[in-house]
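To keep things clear, I will list the structure first and then write my remarks on it.
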Amino acid sequence: MKQIINQQKQYFNSNVTKPVVFRIEQLKLLRSVVKSHERVLTEAIYKDFGKGNFNTYLTEFTGVYHAIDKAIKNVRKWSKWKNAATNMVNFPGRSYIIPEPLGACLIIGAWNYPVNLTLVPAIAAIAAGNTVVVKPSELAAHTSEVLSNMISQHFDPSFFAVVEGGVKETTELLAEQFDKIFFTGSVPVGKTIYEAAAKNLTPVTLELGGKSPLIVAPDANLKTTVKRLVWGKFVNAGQTCIAPDYVLVHSSIEQSFLSLLKKEIEAGKYSFANDNYAQIISKKHFNRLVSLIDPAKVFVGGNHDHANRIVAPTVVTNVSVDDKIMEDEIFGPILPVLTYENIDDAISFVKSKPKPLALYLFSEDGSLHRRIWNEISFGGGMVNDVLMHFVNDNLPFGGVGNSGIGSYHGEAGFRSFSHFKSVIRRPTFIEFPIKYFPFSKLKSLLIRKAFGV
Ligand code: NAD
């Protein structure tokens, strides 16, 4: 581990990774390597938690290929030195903003989208001219192994390496001095990462989680609401950081909302033996989810299969804000539905909780959309849909407050792995005496004028 990191530091210092041509070559290589490993990665994800081929292609590979193509197309533009205006006191002179890579970067991934959540940040780091160590989650062990073999067979470890392991290995990595740490995972582990990074003043991006609300207003198109909600909640068996965690529905439409919800779930698109569904990643996670289901409050589902680590799509109603299920992020296929009478109460409730990673509002009322955007702080979200903001990489993706620090995707990813160096170049043929001793009233006046204060 130490050796790889030292080699990467030397490699970075040799400036090899900086030319845009090098970055593009490596991105093209990564694209072809992922393409040639698509089948084996898909099989590994299936072994890890039973996610079917279609969903794996949709939720893992499309994002990776798109991120590479976008970076290849735009990296010249993103990495260009930009001219900035020069202020009067620096006249004559020229000012520049120079994007520079940070250096040796560490990317720590989560297991729930094990390819996308490790490679998309790596693509941004490479596009920005860095070296990269990726540490995939040990919980998606088969995928981690394939990623490790795939990268080590095709990339020089001085430039791009995978280190496998769990808490012990990650702790060892964190003891090393990196120039950037990019972490995707839970809030408690995010705090550990931040603490470790602080020891070396290493900049971080923390892509965390939390309880993302979905608000259904009385004027919502219920049929579409339910269709989109059920897809977004139960794809990947609810193991999605931006999945709607709970629903706040207006009491006047609760019954019609619930009956449509039941119908949509019972249509069987997310049933036990269905390759549209997924297993819960581990026994521990499975037991935690089962313990959250209060049988007295089950409205749909509630059944589970211990041997195969499957929890049926479940809706619970009559939920109180003090119930256990409302404490932490659920991260599984259980959906609590709560009601509100007045939108002010719904807004106050969401604001009383840590800032969520995502917020969804279903309503046709433009003034309500603007009110929610104005009054509630959240990482990102949608009106009348769920999850799909993640795939618009013209938008930065990230959390705020408890749900994370920083963002990525598209140019935001490039920026999160770059430093923007500000430089002024001045000629030597002329020198104004104004700032030098001896001082005078006239100089003082000129300084005030020059600074405009
Ligand atoms: P996790 O925090 O348990 O693990 C994430 C990574 O940290 C793994 O690589 C793991 O090996 C490592 N790790 C775990 N414990 C550690 C410790 N004590 N010290 C050092 N490293 C440690 O998260 P997870 O279970 O893999 O993922 C689920 C969480 O991630 C959910 O909270 C979810 O919302 C969040 N998530 C966020 C995003 C996002 O983009 N914001 C995406 C996916 C998942």
Assuming R0 = 56 Å, what is the FRET efficiency of residue 80 and residue 288, from their Cβ-Cβ distance, to the nearest 0.05? 0.70
Roughly speaking, what is the stretch gain from residue 62 to residue 97, that is 0.36 nm per residue apart minus the C-alpha to C-alpha distance, in nm to one decimal? 9.3 nm
For the residue pair residue 200 and residue 32, what label-to-label distance in nm results when each label sits 7 Å from Cα along the Cα-to-beta-carbon direction? 3.3
Starting from the Cα-Cα distance between residue 367 and residue 149, subtract it from 0.36 nm times their residue separation and give me the gain in nm to one decimal. 73.3 nm
Below 8 Å, C-alpha to C-alpha, sequence gap of six or more: please give me the relative contact order for the range 213-398 in percent. 29
Apportionment of accessible area to carbon and sulfur, the chain, percent (1.4 Å): 56
Karplus (6.51, -1.76, 1.60) ³J(HN,Hα), θ = phi - 60°, over the range 399-414, in Hz, Gly and Pro reported as x: x, 9, x, 5, 8, x, 9, x, 8, 8, 5, x, 5, 4, x, 4
Magnitude of the Cβ-charge dipole (Lys and Arg +1, Asp and Glu -1) of the range 66-166 about the Cα centre, nearest 20 debye, reported as 740
In terms of Cα to Cα distance under 25 Å, which lysines are near enough to residue 70, apart from those fewer than 8 places away along the same chain? 18, 28, 35, 80, 82, 135, 180, 421
Which of the trypsin sites (Lys or Arg not before Pro) found in the range 405-438 are loop residues per DSSP with 12 or fewer other Cβ atoms within 10 Å of their Cβ? 435
Residues of the range 421-449 with backbone nitrogen within less than 13 Å of a virtual label 7 Å along the Cα-to-Cβ line of residue 89, please, listed as ranges. 434-436, 444-449
Under 11 Å from a label point 7 Å along Cα→Cβ of residue 450: give me every residue in the range 76-115 with its amide N that close. 88-92
What is the magnitude of the charge dipole of the range 213-398 about its Cα centre, with +1 placed on the Cβ of each Lys and Arg, -1 on the Cβ of each Asp and Glu, and no other charges, expressed in debye to the nearest 20? 480
Describe numerically, in nm with one decimal, the distance between label points set 7 Å from Cα along Cα→Cβ at residue 251 and at residue 308. 4.1
For the range 172-177, what does the Karplus curve 6.51 cos²θ - 1.76 cosθ + 1.60, with θ = phi - 60°, yield as ³J(HN,Hα) per residue in whole Hz, taken in order and with x for Gly and Pro? 5, 4, 5, 6, 7, 8
Are there any trypsin sites (Lys or Arg not before Pro) in the range 28-100 that are in a DSSP loop and have at most 12 other Cβ atoms within 10 Å? List them by number. 80
For the chain, the per residue accessible area (1.4 Å probe, Å²) is 46
Just how large is the dipole of the chain about the Cα centre, in debye to the nearest 20, putting +1 at every Lys and Arg Cβ and -1 at every Asp and Glu Cβ? 2300
Which FRET efficiency value, to the nearest 0.05, do you get for residue 421 and residue 296 by plugging their Cβ-Cβ distance into 1/(1 + (r/R0)^6) with R0 = 60 Å? 0.50
What 222 nm value per residue comes from the helices of the chain, counting each DSSP H run with n ≥ 4 as -39,500 (n - 2.57) and dividing by all residues, nearest 500 deg cm²/dmol? -12500 deg cm²/dmol
With residue 303 itself left out, Lys, Arg at +1 and Asp, Glu at -1 over residues whose Cβ is under 15 Å from its Cβ give 0
Rounded to the nearest 10 Å², what accessible area does residue 231 have for a 1.4 Å probe in the complete protein model? 70
For the chain, percent of DSSP beta bridges that are antiparallel (nearest 5) comes out at 35
Compare the Cα positions of 136, 437, 379 along the charge dipole of the chain (+1 at Cβ of Lys, Arg; -1 at Cβ of Asp, Glu; about the Cα centre) and return the one farthest towards the positive end. 437
Separation of the residue 374 and residue 322 label points, Cα + 7 Å toward Cβ, nm: 3.5
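The values are calculated or read from the model by the stated rules, or taken from the named source; none is laboratory data. These numbers were taken from a predicted model, which means no experiment stands behind them. Cβ atoms come from the backbone with ideal geometry, glycine included; neighbour counts cover every protein chain shown. Surface areas here come from the heavy atoms of the whole protein model, side chains and all, with no ligands, DNA or RNA. Shrake-Rupley method; radii C 1.70, N 1.55, O 1.52, S 1.80 Å.
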